[in-house]
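Notes for the one structure printed next.
The values are calculated or read from the model by the stated rules, or taken from the named source; none is laboratory data. For clarity, every value in this text was computed on a predicted model and none was experimentally measured. Neighbour counts run over all protein chains shown; Cβ positions are idealised from the backbone, glycine included. Just the protein is used for accessible areas: all its heavy atoms, side chains included, with ligands, DNA and RNA removed. Shrake-Rupley method; radii C 1.70, N 1.55, O 1.52, S 1.80 Å.
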Amino acid sequence: QVQLVESGGGLVQAGGSLRLSCAASGRSFRNYAMGWFRQAPGKEREFVAYISWTGGSTYYADSVKGRFTISRDNAKNTVYLQMNSLKPEDTAVYYCAAGGAGFSTSQVSYGYWGQGTQVTVSS
């Protein structure tokens, strides 16, 4: 079992920045690829970013590429999502997830999920 707890969400003006954190506990965090997903009101949950278990490989949704950066610190059992140049359309609940397989943007590949943290971007 892996337990995930997100933090760092909040209200920010368009153009601003936030850094989300996801703290993991339980089984070996460093063995898992990690992902960030988000769900806006009335919309399906969507992929945002992926990082391999070593941190050496990352991938982003086109909508956030160049603005968001995913990273991890395996010594601290934590994955981060640095979000810059935020837009109102980035408003959503952000979830981190742990997956046992390799690269994937599909939710079904991730077996463990946090409870989510709200990010609201005002115009």
Original post:
Which residue pairs have Cβ atoms under 7 Å apart, sit 6 or more places apart or on different chains, and have a first residue in segment 68-93 that is within 13 Å of F29 (Cβ to Cβ) and a second that is at pLDDT below 95 and assigned to a loop (DSSP other than H, G, I, E, B)?
Top reply: R72/G55
**OP:** Test G9 against the stated conditions and say whether it is under 16 Å from the mean Cα position of the chain (by Cα) and more than 18 Å from G114 (Cβ to Cβ).
**Re:** no
Original post:
Would you call A97 hydrophobic (A, V, I, L, M, F, W, C), over 26 Å from S122 (Cβ atoms) and at pLDDT 95 or above?
Top reply: yes
Original post:
Does segment 25-33 contain at least one residue that is touching a Phe, Trp or Tyr at 6+ places or on another chain (Cβ under 7 Å), modelled with pLDDT of 95 or more and open to solvent by 30 Å² or more (accessible area, probe 1.4 Å)?
Top reply: no
